[in-house]
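The values are calculated or read from the model by the stated rules, or taken from the named source; none is laboratory data. Source: prediction; values computed, not measured. Reconstructed Cβ throughout: ideal geometry from the backbone, glycine too, with neighbour counts over all protein chains shown. Just the protein is used for accessible areas: all its heavy atoms, side chains included, with ligands, DNA and RNA removed. Shrake-Rupley method; radii C 1.70, N 1.55, O 1.52, S 1.80 Å.
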Amino acid sequence: MCTPTGGVLVHLCRRRPLVPRAAAGIAKHLGAELIPAELRVFSDGESKIRIAKKAGRKCVIVQSTHPPTDSHLMQAMMMAKKCADDGAQVHAVIPYLAYARQDRAFLEGESASVALVARLLEASGVKSVVTVDIHSKMALRAFSSIKNVSSIPLLAGHASKLRLKNAIVVSPDAGGVERAGEFARMLECDMIALKKSRDRATGEVTVEQKIGIDVSGRDAVLVDDMISSGGSIVKAAEVLKKNGAVKIYAMCAHALLIGDAAANIARAGVEGIIATNSIPGKHSTVDLSGTLAEAVRGVL
Ligand code: R5P
């Protein structure tokens, strides 16, 4: 049961032990035992977890907090608390960290919910967190110990195999310039950031039609940290198509793809959505487990 690092991984499964690829991969890379935590969800929505085996001296909880967000967060805390109560030093891998967009009060009366998430994890016994492409660097400040790893090298490596013609990397908004810039440097191609604005009350996205660079006849890779409703990618793809781009791919760390997002993105002319397995799903083909294992090794 004990591993070279003394680490044990605990991750969540429903009744059938469907082990997410990322958790299984991390355990394999670390040479750690993988203990699935059993989950029951009652009719009122309450979760109950059971970890049949005691975690070792050190353990790593692996749980993304994609929808149902609050349930997944609660379940992560329940696993951490159980392992901490059993005497383990607990670390958490939360590949997709929900609430990172709520890093400040944007409107009067709002609160920076990510700080609450950080306190709750700490209160559950989590000593450190490893996450991937956190939405906002400011959100990192809420945690006393957090490592934010980049998925860009893996995604760019994937993009380099797409045989893109005269490629251009596109950030759907100004906030993603750093990310898209790193991506473009790896692909050795141009990068532009579109001008996006979002109505804070309705969530409606608009993207300026003029983009300031000739994309006609070129293949474009839209790079974002996450695709949620798909609105940002749809609007960006429409603008790129109008400006003559040929093939468009959408790449992101976190494919939330709520509701009809994937279908709407396809309808907007995007050839493919390529994401990491921070969130399990059809488009989550880029495996993060090696990168996450490396980051975990540094904190164990
Ligand atoms: C925004 O700042 C983010 O980087 C993403 O562009 C955004 O959260 C994506 O959301 P949606 O898919 O709903 O437009």
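Points worth noting:
- Criterion (under 16 Å from the mean Cα position of the chain (by Cα) and open to solvent by 40 Å² or more (accessible area, probe 1.4 Å)) met by exactly one of LYS161, LYS147: LYS147
- Index of the failed condition, VAL215 passing every other in (1) within 27 Å of THR69 (Cβ to Cβ); (2) crowded, with 20+ Cβ neighbours inside 10 Å: (1)
- Filtered residue count, region 215-234, keeping only those that are over 18 Å from ILE279 (Cβ atoms) and either among the hydroxyl-bearing types (Ser, Thr, Tyr) or not assigned by TED's automatic domain parsing to the domain that holds GLY203 (or both): 1
- Checklist (1) open to solvent by 90 Å² or more (accessible area, probe 1.4 Å); (2) within 12 Å of the ligand (Cβ to nearest atom) applied to VAL205, failing item: (1)
- Restricting SER64, SER111, SER144, SER136 to residues that are in the same structural domain as LEU292 (by TED's automatic domain parsing) and touching a Pro at 6+ places or on another chain (Cβ under 9 Å) narrows the list to SER64.
- Close pairs (6 angstrom Cβ cut-off, 6 or more residues apart or separate chains): not assigned by TED's automatic domain parsing to the domain that holds ILE227 and open to solvent by 10 Å² or more (accessible area, probe 1.4 Å) in region 165-194, away from the ligand (no atom under 11 Å from the Cβ) and not in a strand (DSSP E or B) anywhere: none
- Failed condition for ALA250, given (1) more than 21 Å from the chain's Cα centre (by Cα); (2) within 15 Å of the ligand (Cβ to nearest atom); (3) of a type in the set (A, V, I, L, M): (1)
- Taken over region 248-265, the criterion of being of a type in the set (Gly, Ala, Ser) and buried (at least 17 other Cβ atoms within 10 Å of the Cβ) is satisfied by ALA250, ALA253, ALA255, ALA261, ALA262.
- Only one of the numbered conditions (1) farther than 24 Å from LEU292 by Cβ; (2) in contact (Cβ under 8 Å) with a residue 60 or more places away in the chain is violated by ASP85, and that is (2).
- Residue tally, condition in a helix (DSSP H, G or I), more than 27 Å from ARG119 (Cα to Cα) and within 16 Å of the ligand (Cβ to nearest atom), over region 139-187: 11
- If you go through region 63-105 and keep only what is open to solvent by 60 Å² or more (accessible area, probe 1.4 Å), polar (S, T, N, Q) and outside any loop (DSSP other than H, G, I, E, B), you end up with just GLN89.
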